[in-house]
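Below you'll find the structure, written out as structure tokens, and then a few comments.
The values are calculated or read from the model by the stated rules, or taken from the named source; none is laboratory data. Because the structure is a prediction, the values reported are computed rather than measured. Heads up, the Cβs are rebuilt from the backbone with ideal geometry, glycines too, and the neighbour counts pull from every protein chain shown.
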Amino acid sequence: MSYKWPDKDPDEIVDYSVDWSRFLDTDTLSSAVWYIDAADGTKTSVANGDVVDGLQFVQKSNTSTVTTARFALGTANKRYKITCAVTTGLGLVYERSIFLRTREK
């Protein structure tokens, strides 16, 4: 199942978050890896400053239950598939994909 975030203007630099608390119970997040699908559909791991298919991954942060990614740039009228994979303190691994559309506002 994929989720959808609000649209992003290509000129904006915006934070988007995933709340994992409903999966965690008393567990906590220990790490998170973010991916952006390339134009050919390849799931590409991103680090600070990486640009994939025109969308820039600026940076990531997380609390014990929420992961956040900051994005910049992007091609107008394009829908990006973003994936976040997390590992918990108990060693469980969860992954969620989210769609992010860029549109001129």
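Every condition in (1) more than 13 Å from residue 8 (Cα to Cα); (2) of a type in the set (Gly, Ala, Ser); (3) not in a loop (DSSP other than H, G, I, E, B) is met by residue 72 except one, and the failing one is (1). Among the residues of the stretch 49-70, the one identified as exposed (fewer than 13 other Cβ atoms within 10 Å of the Cβ) and closer than 20 Å to residue 102 by Cα is 49. Only a single criterion out of (1) small (Gly, Ala, Ser); (2) out of contact with any strand residue (DSSP E or B) (no Cβ under 7 Å at 6 or more places or on another chain); (3) at pLDDT 95 or above is not satisfied by residue 31, namely (2).
Taken together, the residues in the stretch 14-48 that are closer than 19 Å to residue 70 by Cβ and either surrounded by 13 or more Cβ atoms within 10 Å (Cβ to Cβ) or among the basic types (Lys, Arg) (or both) amount to 15.
If only residues of the stretch 71-86 that are aliphatic (A, V, I, L, M) and within 24 Å of residue 104 (Cα to Cα) are counted, the one that is surrounded by the most Cβ atoms within 10 Å (Cβ to Cβ) is 82. Tallying residues that are closer than 19 Å to residue 51 by Cα and basic (Lys, Arg) within the stretch 1-21 yields 1. Taking residues in the stretch 85-105 that are of a type in the set (Phe, Trp, Tyr), and partners anywhere that are buried (at least 17 other Cβ atoms within 10 Å of the Cβ) and part of a loop (DSSP other than H, G, I, E, B), the pairs with Cβ atoms closer than 7 Å and at least 6 places apart or on different chains are 94/20. Taking the numbered list (1) at pLDDT below 95; (2) assigned to a loop (DSSP other than H, G, I, E, B); (3) surrounded by 13 or more Cβ atoms within 10 Å (Cβ to Cβ) in turn, residue 104 passes all entries but (3).
Taking the stretch 1-19 as the range and being closer than 13 Å to residue 57 by Cα and not in a strand (DSSP E or B) as the test, the residues that pass are 10, 12, 13.
Counting the residues of the stretch 20-64 that are out of contact with any Leu (no Cβ under 8 Å at 6 or more places or on another chain), of a type in the set (Val, Ile, Thr) and assigned to a loop (DSSP other than H, G, I, E, B) gives 4.
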